[in-house]
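The values are calculated or read from the model by the stated rules, or taken from the named source; none is laboratory data. Predicted model only: the values in this text are computed from it and were never measured. Counting neighbours? That spans all protein chains shown, and the Cβs are built from the backbone with ideal geometry, glycine included. All accessible areas refer to the heavy atoms of the entire protein, side chains included, with ligands and DNA or RNA removed. Shrake-Rupley method; radii C 1.70, N 1.55, O 1.52, S 1.80 Å.
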Amino acid sequence: MRAPELTPASRIYVAGHRGLAGSALCGRLRAAGYENLVLAGSSEVDLRDRAATTRFLTEAAPDVVVLAAARGGGSGANAAEPADVLSANLRIQVNVMDAARAAGVPRLLFLASSAMYPRESRQPVRETSLLAGPLEPTTEAYAIAKIAGMAQVRAVREQDGLPWITAIPTNLYGPGDNFHPTSSHVLAGLMRRIHDAAVAGAPSVVVWGTGTPRREFLHADDLADACLTLLAHYDEPGPVNVGTGRDISVADLAKMLAETIGYTGAIEFDPGRPDGTPRKVLDIRALTGLGWEPKIRLRAGIASTYQWYLDSLTLPRQREAVRGHEMVR
Ligand code: GDP
């Protein structure tokens, strides 16, 4: 079966529409004129519940499913609750994909994660590195679930001939991110701690590790844009990376954050905290070959995300989003 074209009439179910990726995708879809969105929060359908998920998808009968729902995979959650992370993600994926198959959904995009690449992958990481070596132990539960999701997409393509696809986003950031000072990822976590230091007038702020590790950051709106490109143009069994292809050191990121926030105190490093892997950046040539490129430069993305964070301190709806980080990474 050929991938059906997206039209303004397409019924599109975004699973995980309240999360970082899902909410950005809904915004982008609406802006592009796709108004026929099927949405259901976790209070309406618990995707870990197989019967409820099947009922929902049978009734909704979408033309497209974007599977952006996940149980958060930060290394903190993975280390503390690996059994919950593994089980919840596997159930969400299997339930949604089985129900989508049963409902004959012709097109599905599964959002995986760059955590599924082997720990020692050659940088920038190409899609061919998948399953070529051992995983990072601290995020293994999340990674294994995402690998299983990718395998399921491929298996459905093989068995049913449906044009389902997998994307592998790099580290995301943006409005709706998890800003917890300690259980979040580096960009939002540091933003929060530097903000708190600025408000308190603290003379210094501590960045974990040595500051030398290099990471790549993709704004959720850029991911959303990439999803539209993939739904329009991508139909291969293998997954495709979504990133910026550019990396920055944690020290330079901290500097950029401090400049945006207006924090003038000292930035200190705590080498007692783990650095993690020295460098993580994706090779995005497969995606740029389709004509897509990231549009949001890191400095601009950080500025708008910080503004959103400031608003979240006063606007109740955004405060809710900051608090509720159960379901989506
Ligand atoms: P990773 O890509 O899986 O290592 O994810 P993280 O986003 O948790 O960490 C990235 C890097 O940022 C690591 O080298 C951390 O030591 C460093 N880092 C510095 N400050 C922070 C912080 O406040 N929070 C987090 N999560 N990482 C930090």
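Can you work out which of the residues in segment 123-182 that are of a type in the set (S, T, N, Q), modelled with pLDDT of 95 or more and assigned to a loop (DSSP other than H, G, I, E, B) is most open to solvent (accessible area, probe 1.4 Å)?
Keep residues of segment 123-182 that are of a type in the set (S, T, N, Q), which gives 123, 128-129, 138-139, 152, 159, 166, 170-171, 178, 182.
Then keep just the ones that are modelled with pLDDT of 95 or more; that gives 123, 128-129, 152, 159, 166, 170-171.
From what's left, assigned to a loop (DSSP other than H, G, I, E, B): 123, 170-171.
On the way: Gln123: 52, Thr170: 11, Asn171: 23 Å².
In this case the residue turns out to be Gln123.
Whether any residue in segment 193-210 is in a loop (DSSP other than H, G, I, E, B), surrounded by fewer than 21 Cβ atoms within 10 Å (Cβ to Cβ) and within 15 Å of the ligand (Cβ to nearest atom) is what I want to check. Steps first, answer last, please.
We begin by selecting, within segment 193-210, every residue in a loop (DSSP other than H, G, I, E, B); these are 201-203, 210.
Checking the rest, the ones that are also surrounded by fewer than 21 Cβ atoms within 10 Å (Cβ to Cβ) come to 201-203, 210.
Restricting the remaining residues to those that are within 15 Å of the ligand (Cβ to nearest atom) gives 202, 210.
Yes: segment 193-210 contains one or more residues that are in a loop (DSSP other than H, G, I, E, B), surrounded by fewer than 21 Cβ atoms within 10 Å (Cβ to Cβ) and within 15 Å of the ligand (Cβ to nearest atom).
For a quick check of your reading of the model, give me the residue pairs whose first member lies in segment 40-57 and is more than 14 Å from Ala68 (Cα to Cα) and aromatic (Phe, Trp, Tyr), whose second is open to solvent by 50 Å² or more (accessible area, probe 1.4 Å) and in a loop (DSSP other than H, G, I, E, B), with beta-carbon atoms closer than 8 Å and at least 6 apart or on different chains.
Correct list of pairs: Phe56/Glu44.
Scanning for something away from the ligand (no atom under 16 Å from the Cβ) and either in contact (Cβ under 8 Å) with a residue 40 or more places away in the chain or not basic (Lys, Arg) (or both), does segment 213-222 turn up at least one residue? Walk me through it before giving the result.
Taking segment 213-222 first, the residues away from the ligand (no atom under 16 Å from the Cβ) are 221-222.
Restricting the remaining residues to those that are either in contact (Cβ under 8 Å) with a residue 40 or more places away in the chain or not basic (Lys, Arg) (or both) gives 221-222.
Within segment 213-222 (the criterion being away from the ligand (no atom under 16 Å from the Cβ) and either in contact (Cβ under 8 Å) with a residue 40 or more places away in the chain or not basic (Lys, Arg) (or both)), the answer is yes, since at least one residue qualifies.
Looking at (1) within 18 Å of the chain's Cα centre (by Cα); (2) open to solvent by less than 50 Å² (accessible area, probe 1.4 Å), can you tell me which one Leu86 breaks?
(2)
Quick one: which helices (runs of 4 or more DSSP H) sit completely within segment 238-319 and have at least 1 residues that are closer than 22 Å to Lys146 by Cβ and away from the ligand (no atom under 16 Å from the Cβ)?
Details: elements: 250-261, 285-288, 298-312.
Per the criteria, 285-288.
Please verify whether Val240 is surrounded by 15 or more Cβ atoms within 10 Å (Cβ to Cβ) and within 14 Å of Thr170 (Cβ to Cβ), treating the condition exactly as stated. Outline the logic, then answer.
Numbers: surrounded by 15 or more Cβ atoms within 10 Å (Cβ to Cβ): yes; within 14 Å of Thr170 (Cβ to Cβ): yes.
For Val240, the condition - surrounded by 15 or more Cβ atoms within 10 Å (Cβ to Cβ) and within 14 Å of Thr170 (Cβ to Cβ) - is met.
Step by step: first the residues of segment 183-192, then only those that are open to solvent by less than 20 Å² (accessible area, probe 1.4 Å) and touching a residue at least 12 places away in the same chain (Cβ under 8 Å), then the one that is nearest to Ile261 (Cα to Cα). Which residue is that? Give the steps one after another, and end with the answer.
Initially, segment 183-192 is screened for residues open to solvent by less than 20 Å² (accessible area, probe 1.4 Å), giving 187-191.
Subset that is touching a residue at least 12 places away in the same chain (Cβ under 8 Å): 187-188, 190-191.
Details: Leu187: 13, Ala188: 12, Leu190: 11, Met191: 8 Å.
Restricting to residues being open to solvent by less than 20 Å² (accessible area, probe 1.4 Å) and touching a residue at least 12 places away in the same chain (Cβ under 8 Å), the top hit is Met191.
For the condition closer than 20 Å to Val125 by Cα, under 17 Å from the mean Cα position of the chain (by Cα) and not hydrophobic (A, V, I, L, M, F, W, C), what is the one hit in Pro239, Pro278? Write out each step before concluding.
Values: Pro278 fails: under 17 Å from the mean Cα position of the chain (by Cα).
So the residue among Pro239, Pro278 that is closer than 20 Å to Val125 by Cα, under 17 Å from the mean Cα position of the chain (by Cα) and not hydrophobic (A, V, I, L, M, F, W, C) is Pro239.
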